[in-house]
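Engineer: For reference, the structure I am asking about is given below.
Rule-based calculations on the coordinates, nothing more; no lab input. Just so it is clear, the model here is predicted, and its values are computed rather than measured. As a convention, Cβ positions derive from the backbone with ideal geometry for all residues, glycine included, and neighbour counts pool all protein chains shown.
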Amino acid sequence: MNFSSKLLENAVSEFAKLPGVGQKTALRLVLHLLNQPAADVEKFSSSITRLKMEIRFCEICSNISDLKICEICAAAKRDKSIICIVEDTRDVMAIENTNQYNGVYHVLGGLISPMDGVGPSDLNIESLLQRVNSGGITEVILALSATMEGDTTIFYIYKKLKDAGVQISAIARGIAFGGELEYVDEVTLGRSIATRVPYENSLIK
């Protein structure tokens, strides 16, 4: 792609680094910004910069937050005795949209994937074990994507928690194998949370 401006080329190159954005889409986005008022472009740029510089991760669940403790963990009406384990913030948002869950979360920050060099120590698993072992937890829900990496992570966490004296549940498999939670429709995901089953029942005997 030939550019008439080095500034334009550099901007397109940066946008093209975003997932799912190719050169043509990047060019369309950059040209759109060029046609916007300077104040709007400045606001856009400032919001991205502030996001990177000021965003925090909840000290309890590791969810993305503006404060030390996220709104979900701080909410008095949430059931703090139930922890739903998810891969990332997108899954928290997906489950919250179902309006079928009133407990709290624990965000792992990824899944165990030896092929990608991601092991248990790279995830927020140790902080999860500390939360459970500190007491007051009655149930842990394993709500991870139905993929090989998701199942590997679930089994690892199950082995770590099976003697902790808490109920360990897994979301019902109304979700096809290979499916990721963020793409599942709200009705199916909501039912999977509501009809969760003891994880032991899903193990091959």
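Engineer: Can you pull out the chymotrypsin sites (Phe, Trp or Tyr not before Pro) in the stretch 62-170 whose DSSP state is coil and whose Cβ has at most 13 other Cβ atoms within 10 Å? Please list the in-between numbers first.
Structural biologist: On the way: sites: 101, 105, 155, 156, 158; in loops: 101.
The qualifying sites: there are none.
Engineer: For the stretch 28-42, in order, what is each residue's ³J(HN,Hα) by Karplus, 6.51 cos²θ - 1.76 cosθ + 1.60 with θ = phi - 60°, in whole Hz (x at glycine and Pro)?
Structural biologist: Listing the rounded values in order: 4, 5, 5, 5, 4, 5, 4, 8, 8, x, 4, 5, 5, 5, 5 Hz.
Engineer: Can you give the FRET efficiency to the nearest 0.05 for residue 52 and residue 3, using r as the Cβ-Cβ distance and R₀ = 22 Å? The partial results should precede the final answer.
Structural biologist: Details: r = 26 Å, r/R0 = 1.20.
My answer for the efficiency is 0.25.
Engineer: Work out the FRET efficiency for residue 74 and residue 167 from their Cβ-Cβ distance, taking R0 = 30 Å, and round it to the nearest 0.05. Please report the intermediate quantities before stating the final value.
Structural biologist: On the way: r = 25 Å, r/R0 = 0.82.
That gives a FRET efficiency of 0.75.
Engineer: A further question on this structure: Bin all alpha-carbon pair distances of the stretch 6-54 at 5 Å intervals from 0 and give each bin's fraction as a whole percent.
Structural biologist: Binned Cα distances yield the sequence 4, 21, 23, 27, 20, 5, 0.
Engineer: Would you be so kind as to identify which of 22, 46, 12 lies farthest towards the positive end of the dipole of the stretch 6-54, taking Lys and Arg as +1 and Asp and Glu as -1 on Cβ and the Cα centre as origin?
Structural biologist: Result: 22.
Engineer: Once amide H atoms are built 1.01 Å from N in the peptide plane, which residues 5 or more positions from residue 103, or in another chain, come under 5 Å H to H?
Structural biologist: 79
Engineer: Between residue 63 and residues 5 or more places away or on another chain, which pairs have amide H atoms under 5 Å apart, with H built 1.01 Å from N, and which residues are they?
Structural biologist: When sequence neighbours closer than 5 places are left aside, the close amide H contacts are 58, 107.
Engineer: Then there's this: Going Cα to Cα from residue 162, which lysines come in below 29 Å? Please leave out same-chain ones fewer than 8 positions away.
Structural biologist: 77, 80, 205
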